[in-house]
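Novice: To start, I am sharing the structure in question, which I have written as structure tokens.
The values are calculated or read from the model by the stated rules, or taken from the named source; none is laboratory data. What you see is a predicted model; the values in this text were computed from it and never measured. Using ideal geometry, Cβ is built from the backbone for each residue, glycine included, and neighbour counts are taken over all protein chains shown. When the accessible area is computed, the model is the full protein with side chains, heavy atoms only, and any ligands, DNA or RNA have been set aside. Shrake-Rupley method; radii C 1.70, N 1.55, O 1.52, S 1.80 Å.
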Amino acid sequence: MKNKKLRPKMKRIIVLSFLLGFFITSTLTAQPWQQNDAIFNSSGVPSLPFSQPRFADTDGDGDQDMILGNLNDAPFYIENIGTVTSPTFMQGDDIFSGISSLDAEMGVCADLDNDGDLDFISGGYTGLNYFENIGTVTTPSFQMVNNFFTGLNVGQNPVPDLADVDDDNDLDMVVGLSEDGVVKIYINSGTVTVSQFSENNVINIGDVGLYAYPNFCDLDADNDQDIVVGRDLHGFVYYQNNGNPQIGLWEVNASVFTGIGDETYWNSPGLTDINGDGTIDLIFGTAAGPLHYYENNGTPTTPSWQENTTLFGGIIDMGGASNPFFYDFDNDGDFDLVSGSQLGNIKYYQNVGTSYAPAWEEDNSYFESIDHSIYSAITLGDVNNDGLPDAIVGDLSGNFYFHQNTGVGFMFDSDVLSFVALEGWSAPRLVDMDDDNDLDIVAGNEDGYLFYFENQGTPSVPDWVEITEYFESIDVGSNCVPTVGDLNMNNNLDVITGDLWGEVQFFIDFHGTWIEDPTPVSGITGGQNTTPALVDLDDDGDLDLTLGNYDGTLNYYENLHFIVDNDPELPQTNSYILCNYPNPFNPETTINYSLKENTKVSLNIYNIKGQIVATLVNQNKGAGNHSIAWNGNDDSGNLVSSGIYFYKLSVNGKTEAIKKCLLLK
């Protein structure tokens, strides 16, 4: 193996200039990033935009499970794998897999037909919908009952809940409206087995402004149903039932939830006795996604709220100097997280969520044997072709340490890579840099340089040799940590680096010369000692960016770049792609859409009442990818009010995709 020789310190970064634009057009558009640090919530519950938690015993085991509504998908089923008094949540089977996100942005479970199992009642773009449980108490299976709520004036995206408010043993329904914030109760005029709701039997409770999110609960334990309502403003509106179980009288009590939810928007409450202590607790979702949990440590008549940040909260923290690397370590089809730390030990977080909605569970036991100097950095890869991911660790010493995976743990081999001495804080990354099907090493060091060690052996017997001139032009100043991936999707590997000062820099290989292009990472900065990692954490086909920081935490930037594929021979995995960026937006957003053939297209903006606000496209368009900007104006040129809007793509008169965007002022 070739011994390393340090080159003299020099500053030779070539910045991409206008003259190179003719040759490198693919990198000139700024990468659209959206920061969402809540993805590193270690509770086991994914953080989803505009989260709406509701609770029911959906698997018949006696504890409260969660139905988690959200902005983009049908609700998620989050199973309580703990107990009645000590809940623990983990994403369960996809019991809502057959339900469209257009029919169910959120929903609740209740036995609407009195057959002993829980049905699903949802609110979505198409209004209220009823899905009968044709499965069992323990294994539900939902089937839509068409036109069940026909005739109800609830608009789009209503928010329902069900309870018996008149003590006649059948279920009545409260609905919060999106377009005007009205909260009203539909009294069930049918029977316990055949429910019937109409506009002729309605009680108007109040108006909370916009986007009313009501939830029934007997908060004061007086055997009648109170109502807690979230909305697009801060806090909650509590309608206390001061009547009786047969005749309700709902009046605002402004004192019970004072100070709760005052720093979040679009609070959507789920109320249940989640810890089995006999009092109703509050769990609510927000526009940002994370769930908030307040235990009632008082009494039903005199609540005392105490925030619990452990059940649904808890930001991943390495204890200092996080240095993330992502790898499917448990071989279950999603990316797990492994990181170095300030004390030198290795942290491992298994992804117990999905490939597109990760949730993390810490388990460091497999990595306990790896412990070197402080400020460790780890990378994983199967370097000996035995089907097991091995580890290479750098640390403050500047050396590399090879740990072979034996199947039951890691075994340190002091002979492998013993020649490496980078003179301070080595940060290695395994990657097939030369596309020869074995793993090379890209590394940074304390002086700000990048290093390349080419595997000149085989996939089974590696032989790493330093190529000293490979990154000669790159010097980021101090504490260089690299990540490698094809960010601009041109079939060439790019490099992103972090440094001591929180700077994030992007480099492309232009005919053998590494050139800095600041545009794709414009606006992104990290904390002290930024350590980047490129990985597709939301499984949408492009690389997202995670940043580790000196304080031990992680930042996540979702890549909202519209994937452009100009190869007509590649199969289309999705016939019609529709998305917008930024979202939320002010004052303008760009809507991107993809067509599989030359066809007649219309792209319209709708308000929450279903009225067309603006027509952006109404003409024939060719196959491929298209984009158009919307500046928040209607067809008359007037600026619309802030709020949620829908954009719908129709092809040859048929609706193919509908998405939601949020205009903020």
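Novice: Can you name the number of the only condition in (1) among the β-branched types (Val, Ile, Thr); (2) touching a residue at least 24 places away in the same chain (Cβ under 8 Å); (3) in a loop (DSSP other than H, G, I, E, B) that Thr309 fails?
Specialist: (2)
Novice: A further question on this structure: When the residues of segment 357-384 are filtered to those that are open to solvent by less than 10 Å² (accessible area, probe 1.4 Å) and of a type outside the set (A, V, I, L, M), which remaining residue is nearest to the chain's Cα centre (by Cα)?
Specialist: Going through the qualifying residues, I end up with Pro358.
Novice: Among all residue pairs at least 6 apart or on different chains, which show Cβ distances below 9 Å where the first residue, located in segment 477-498, is within 18 Å of Asp434 (Cβ to Cβ) and the second is modelled with pLDDT of 90 or more and of a type in the set (Lys, Arg)?
Specialist: Sorted first by the residue in segment 477-498, then by its partner, the pairs are Pro482/Arg429; Thr483/Arg429; Val484/Arg429.
Novice: Return the residues of segment 306-332 that are of a type in the set (A, V, I, L, M, F, W, C) and either closer than 24 Å to Gly381 by Cα or open to solvent by 50 Å² or more (accessible area, probe 1.4 Å) (or both); say none if nothing qualifies.
Specialist: Ile315, Ile316, Met318, Ala321, Phe325, Phe326, Phe329
Novice: Can you run down the residue pairs with Cβ atoms below 7 Å, 6 or more apart or on separate chains, where the first is in segment 654-665 and polar (S, T, N, Q) and the partner is open to solvent by 30 Å² or more (accessible area, probe 1.4 Å)?
Specialist: Thr655/Lys648
Novice: How many residues does segment 134-192 hold that are hydroxyl-bearing (Ser, Thr, Tyr) and surrounded by 18 or more Cβ atoms within 10 Å (Cβ to Cβ)?
Specialist: 2
Novice: Now a separate question. Just to be sure, is Val416 in contact (Cβ under 8 Å) with a residue 12 or more places away in the chain and closer than 23 Å to Val535 by Cβ?
Specialist: Against the criterion (in contact (Cβ under 8 Å) with a residue 12 or more places away in the chain and closer than 23 Å to Val535 by Cβ), Val416 does not qualify.
Novice: Now for a separate question. Counting just the residues of segment 64-85 that are open to solvent by 10 Å² or more (accessible area, probe 1.4 Å) and closer than 14 Å to Thr138 by Cα, which one comes out nearest to the chain's Cα centre (by Cα)?
Specialist: This residue is Tyr77.
Novice: Hey, could you check segment 210-234 for residues that are touching an Asp or Glu at 6+ places or on another chain (Cβ under 8 Å) and free of Cβ contacts under 8 Å to residues at least 40 places away in the same chain and say which is farthest from Ile644 (Cα to Cα)?
Specialist: Asp226
Novice: For segment 39-55, what are the residues that are at pLDDT 95 or above and open to solvent by 10 Å² or more (accessible area, probe 1.4 Å)?
Specialist: Correct list: Phe55 only.
Novice: Separate question: Hey, could you check segment 621-649 for residues that are assigned to a strand (DSSP E or B) and among the charged types (D, E, K, R) and say which is farthest from Thr589 (Cα to Cα)?
Specialist: In this case the residue turns out to be Lys621.
Novice: Next up: Conditions: (1) in a loop (DSSP other than H, G, I, E, B); (2) out of contact with any helix residue (DSSP H, G or I) (no Cβ under 6 Å at 6 or more places or on another chain); (3) within 25 Å of Asp542 (Cα to Cα). Asn490 meets all but one. Number of the miss?
Specialist: Answer for Asn490: the failing condition is (2).
Novice: Could you go through segment 562-574 and let me know if any residue there is at pLDDT below 85 and of a type in the set (Ser, Thr, Tyr).
Specialist: There is at least one residue in segment 562-574 that is at pLDDT below 85 and of a type in the set (Ser, Thr, Tyr).
Novice: Quickly run through segment 509-533 and pick out the residues that are surrounded by fewer than 18 Cβ atoms within 10 Å (Cβ to Cβ) and more than 18 Å from Glu472 (Cβ to Cβ).
Specialist: Scanning segment 509-533 gives Pro518, Thr519, Ser522, Gly523, Thr525, Gln528.
Novice: One residue is enough: does segment 338-356 have a residue meeting the conditions in a loop (DSSP other than H, G, I, E, B), among the β-branched types (Val, Ile, Thr), without any contact (Cβ under 8 Å) to a residue 60 or more places away in the chain and open to solvent by 10 Å² or more (accessible area, probe 1.4 Å)?
Specialist: No, because not a single residue in segment 338-356 is in a loop (DSSP other than H, G, I, E, B), among the β-branched types (Val, Ile, Thr), without any contact (Cβ under 8 Å) to a residue 60 or more places away in the chain and open to solvent by 10 Å² or more (accessible area, probe 1.4 Å).
Novice: While we're on this one: Give me the pairs: first residue in segment 453-472 and without any contact (Cβ under 8 Å) to a residue 12 or more places away in the chain, second residue part of a loop (DSSP other than H, G, I, E, B) and open to solvent by 50 Å² or more (accessible area, probe 1.4 Å), beta-carbon distance under 8 Å, and six or more apart or on different chains, which are they?
Specialist: Sorted first by the residue in segment 453-472, then by its partner, the pairs are Gln456/Asp463.
Novice: Tell me, which residue of segment 275-298 that is out of contact with any helix residue (DSSP H, G or I) (no Cβ under 8 Å at 6 or more places or on another chain) and of a type in the set (A, V, I, L, M, F, W, C) is farthest from Tyr213 (Cα to Cα)?
Specialist: Filtering segment 275-298 for residues that are out of contact with any helix residue (DSSP H, G or I) (no Cβ under 8 Å at 6 or more places or on another chain) and of a type in the set (A, V, I, L, M, F, W, C), the one farthest from Tyr213 (Cα to Cα) comes out as Ile280.
Novice: Out of Glu263, Glu251, Glu295, report the one residue that is part of a strand (DSSP E or B) and open to solvent by 60 Å² or more (accessible area, probe 1.4 Å).
Specialist: Glu251
Novice: Just to be sure before I move on: is Asp103 open to solvent by less than 40 Å² (accessible area, probe 1.4 Å), among the charged types (D, E, K, R), within 25 Å of Asn201 (Cα to Cα) and touching a residue at least 60 places away in the same chain (Cβ under 8 Å) in the structure I sent?
Specialist: No.
Novice: From the list Val465, Val476, which residue is at pLDDT 90 or above, surrounded by 20 or more Cβ atoms within 10 Å (Cβ to Cβ) and of a type in the set (A, V, I, L, M)?
Specialist: One residue alone meets the criteria, Val476.
Novice: Could I ask something else about it? Mind checking which pairs have a first residue in segment 500-512 that is under 16 Å from Asp551 (Cα atoms) and a second that is open to solvent by 20 Å² or more (accessible area, probe 1.4 Å) and not in a loop (DSSP other than H, G, I, E, B), Cβ under 6 Å, 6 or more apart or different chains?
Specialist: Gly502/Thr525
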